[in-house]
Every structure is written in C-alpha cells, then in structure tokens.
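Data block below; observations after.
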C-alpha cells in the first residue's frame, strides 16, 4: 500500500524532530551520517507497511529512537539500532546485511533486539519463560540491547489501544512483571512511571481519571502555599552561593493508587502527593555529598524535619544507582512536605538511569556506577546455572529485581550489600566460597547464631568455620542469594545426580508394574500432584523417600475422566471419527498434549478474539469449558477481569490487577482468554469490606441489619474487634456486582460513628 502525501510529510516531520534530539548526543558528522543512513535504510525497508493502528510502520522505529536519545540518553549506535530494530524480523534483510552496511556493533544490537522480539511474540508456558531467560542473558552481553528494548516496549504500550483485548492482557502483564522492574533496576524512573501509569489507565480508566482529577485539584489548592513554602528555601540557597532550581514534583497516579490499595489508606491521608525537588550545581572542589547535607541543614533550619522520614541515598545509593537526600518537613501551613535534594549529576542518573553513568564515569564519584555493577554481578551469578528450570529462574530473577537491599559489616567494618532476607550463610558466601563451604555458625553483633539467622540492616557478622565442614543439602532450604545457592548446588551436584538417577529407576519400575510408559503427560501429572516444579526434583524426592509412590495408580487415574471428555470433544471438532481404534483408548495419555488442548479449546470454542462469557451456569453457553473465580483475588461482576485455562481445562477468572494474573499472563500467554461478565448473571460472589470507626453500643446490630434485612445481602463471616473506643474489622458477604457492593458501602458510611469503609482483598486477613 503506497503512502499518501500526508503520510510522507508526517514521516519527514517526525524524523526532523529525531535529528534535532540526536545532535545533543552525536559528536561528529560521521556519527550523524550513520543515523541518516539508518533512517533511509529502514524507511525503504518498511515502505508501504502500516501498523495495526493504520499509521506508517516507520513511525514506530523513529519513536523508539526518540525515546532512546531523549529519555535514556544513548548515543548514535543505539539510535541507529533503534531505527533498524525491526528490519531483520519484518523484512527480507539479514543481520549480515546490517553488519556489512553499519558495522558489527550495530548489527549485534539489532540481532539482540530481533531475538528478543521473537521471544516476546512466542506463547507457551515454559517455552516463553525460556525465551525470557534469553532476554535476560543479553544483560551479560550489552545492556544497551535491553535499554533499547525498554524504549520499544514503552512506545508499544503508548499505542496499545489498537490491540485486541487478550493481546493487551499479555503485553501489559509482561510489562508489569518484567519490564517495569527492569526499568526500576536500571534507574529509568520516568520510563518505569509511564509504564505503570499506562497499565493503570488501561486497566482502571475511571479510577485513573478520578485520581488525576483529585491530584489536579490538590495542586491548584496548594499552589500559593507551595510558593510560600519554596520562597525562604530559595533565599537561603542563594545566600549560601548555590546555583540551583527548585521544582514541584507530584506523585504519579499509579503510585497514589498503589498506596491506596496496598496501605489501605484514602487519598486525603497521603501527605507526599505534592513535594519539591532541589537540583543544584555543585561548587568546585567541594564534595558533592557534603553539599547535599549542607543544603539539608539549610532546609531544616527553616522548617522542622520529621526524623523518621529521612532517606539517605547519598551516603549509600540504591542498587540502581539512585542518589539523593529525601526529607519531610512541617510547612508553616501545618502540613508535611517532602523535599528531595539532588546534584545535577544525581538528577541525570535519576532521570536516565544506567546510561547517565557513562556520561559521568570519567569524572566525579563512581560509587553509584559500582552499585550498578554490583547488581549486574548478581545477575551474572543467577545466570551461571544454565540447567535451571526456566520458570523457576524467571521467578528468582523477578524477585531479585524487586528485592530491597540491606548492608551488613565484617568484623573489620567493611560494608557488604545483600538482598533483604539474606542469612548469615549468604554473607559467608558473599565473602568467599571457601568460607561459605566451611561455615558452621556465625556471630551477629557478637552473639552466637545459626547459619540460617536472617540478617538485618547494620548487623556486624563474623563467620565461624571448621576444616571438616562441607556444604549440606538442607542449606538450600534457607539460602537466599543465587550466588550462594549455586555454590552449594555445584558442590552437591554429583550426590544429587546419583539421587536423581536412583529416583528415576524407582519411578520407571513402579510405572512398569502398572503398564504405563514414561512420557511427558505422565510426568506433568506427577509434577502437579506431588507439588514439585521439575522432574529432577521429583526423582530426587522419590529417591530420598520424601515422595511415596504407594498410591501411584490413584494419582494417575485422577482427572482422567475429564481429560477423556476433553479429548473426545476435540476429536469431534476435528471431524475425526476413528473412535473405535485400539489406539484411541489410550489417546488422552499417549497422543494429546496440554498445548494442543489449549489451542483447540481456544480455537474451536472461543473464537478469534478468545471471548469467554461468564454466566450463572459456570460454563460458556454452547461449549464445554467451565470456569471458577480465583481464590487469590475473588473478582465480582463489574471488576475488570482476565481468564486463564488451567491444567484441568477450566477458565480461572482473576482481576486484571491481581499479581498472580500479571505473572500468569507474562509467562503463559497462550492460556489467556478474554473473560467477560454476562449481563444475565444471577450468581452471587464473595467480597470483603473493611470497616473502621468509633465504638458504641448497637453499631454491630446496625451493620448486620443494613446488610441482611435492608439490602438482602448474605453475610458469610463477620469479624470485629474493639480497643480504646475504636472498632475495626471486616465483613465477608455475597454480592451480585460491584454496583451492589457500592450501594452497601454507601449505606454503611451513613451509620453514626463509621470513619472509613472500603472493599479489600479477601487474602488480606486482619
């Protein structure tokens, strides 16, 4: 399809903007020529091709390149790679063509991006997790590949409205599960924040708009007060001889929502929605950190600080390189205000993350760069075990992205950084593998403790060793760090392999007695029934006696009837009438795989858009797929939902905001279905409301009266506790929709003495 004159003008306009942005990061005409050449090549390669939204495809690479240069701060090779990143995947050109025209480095970046795209486009459980693992491996080669991919993902979710619903679920969940934590760890705050806000706006548009409106009103209301707050600080900094700017900062809509949801507070109780940020130019020949503390003293000389809200990321930066002083002070108007203090270098690192370190690595302090290198070393430690189960690996990596760090000290006072939750034995392996292997106990703050002792921030740790000691298998039960676990695993590998071989022989013999052959479906069923993640773990636990096979025949027969029904249903869909053959008797065990079942169920019963309508009979009208609501989030009609086909071939319905749903969608994209509530649903669903108020005689009676008699809502459970004239508790009840629940909440709010009432997750026990 040829482009119109308007299309061509738009392409040229967007590229002109990119050229202006690029000039800030390009050192010579030679480098600029590479960018021009990359655009001309990509523009020709994508000629006539349009995106799903209808716009010329070349606008996407241009947009990615803009993010790469303006929001991450990368140079000409990365800009060229961003322009070329889809050429190999979507056209007939090869990596060799790119190498010949643009050199090996740009070609290697494009090759890495091509492999990532292939991985992201692939669905299918463990296979998808394996592909994610390959993505993470690129951190070892050239982190710029991941940085460009983050730019690519950001632009894709900026234009996500043009995608079908089930595709949105997959992409947004992948973004929250992997790319948001990666952006955080790489210090790309702005990209992280925008991704979170797009997820929030797409998932909960009404709530998003409500929070934005409240925030805008608050900013307008506090405008004059903030000016009055900033004025004396500005004068003090000027008098002290600083060059600076003071910016107003506002908490993002997603951050506000997340705090409301997880801290169980209301909007009006969040006092750090509006704040200020001081960005100063360091004075020559003076320590940058000392100047931060000097500015802190100037601010707290004007306003009284809140001691427990001091955050010192200057003395010890975050693992993503973030440096700043955060303090909270009482304004003259009677409200708490957060003040952030950063140098220009610190601000660049906060805005552009790891890429900004390259701009400053030849001058200034290198501590934050070392912090990032430390984290990348941790990533390499995770990657050292190539045999790790892909899903388990991905979970561990995801946890490592989100984990907070603690700092502990050797007896000589040397500081060591470890993930929160690390034990004394993790510390021993952090010092040296020989110390870890021979560790028998530890002293924490001069007190004798076992190796499993969980360390706290600031602990001083001494490891006690013995030459006769060697790694123990039970250490794997409490070790936190991948580095330590890998050392123990490698030491025990031969012993474990012997156990695995023995366990496999035992299982083979027991299956043979039942006339069953070892194959994938049998193993998958056993893994699920015995609650283990890998076949190696299964064999090892059989060998050591932790798993007994005395009821093996019952385990194998479990759910067989359901699978037979599924199998014959699929046979009918395929118009296969060979049901009388001898081979068909064993077909559900021998021939059909879970992946085939998911594919056929979606293809034949749900259609192209994977629509699944939930009605009162707990199945899709006219189909054989049943459903249930997830017991981790208990969605009710009116909630935004997503469904997943589980191993029993039923649809499990989650809230779209449920962390488990986000994790499932990110690694099992093939199982997503577009679940929708039926308008005719008459079933009631479980919900929990939390109540807080002033205690008085008869208030519990009023609560139950309104709920059961006035609104005819069935109460499953009620729990209320009273202390110091304050009562708090929760009610579990059955409602037909969020509309019914909101009516109940409004009635309860009108009860005398009720201070706060809201819906909470059922898993959040009080």
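The table below lists the values:
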{"quantity": "For 238, 207, 94, order by how many other beta-carbon atoms lie within 10 Å, fewest first", "calculated": "238, 94, 207"}
{"quantity": "Residue exposure sequence - 182, 20 - by fewest surrounding Cβ within 10 Å", "calculated": "20, 182"}
{"quantity": "Distance cut-off 22 Å, percentage of C-alpha pairs in the stretch 631-766 lying past it", "calculated": "44 percent"}
{"quantity": "Order of 200, 3 under a 10 Å beta carbon neighbour criterion, fewest first", "calculated": "3, 200"}
{"quantity": "Cα extents of the stretch 685-760 along the three principal axes, largest first (Å)", "calculated": "36, 21, 18"}
{"quantity": "Surface/4 estimate of mean projected area, convex hull on alpha-carbon atoms of the stretch 206-365, nm²", "calculated": "10.4 nm²"}
{"quantity": "Tail beyond 18 Å, pair distance distribution of the stretch 51-97 (Cα, percent)", "calculated": "34 percent"}
{"quantity": "FRET efficiency, residue 37 to residue 312 (Cβ-Cβ, R0 45 Å, nearest 0.05)", "calculated": "0.40"}
{"quantity": "Added length on full extension, which subtracts the Cα-Cα distance from 0.36 nm per residue, residue 287 to residue 53", "calculated": "79.1 nm"}
{"quantity": "5 Å-binned pair-distance histogram of the stretch 5-162 (Cα, whole percent)", "calculated": "2, 9, 19, 22, 22, 15, 7, 3, 1, 0"}
{"quantity": "For the stretch 402-478, alpha-carbon Rg and Dmax in angstrom", "calculated": "11.6, 37"}
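Since every read-out is calculated from the coordinates, none of them should be taken as a lab result. Worth saying up front: this structure is predicted, and the values here are computed from it rather than measured. Positions of Cβ are generated from backbone atoms using ideal geometry, with glycine treated the same way; all protein chains shown enter the neighbour counts.
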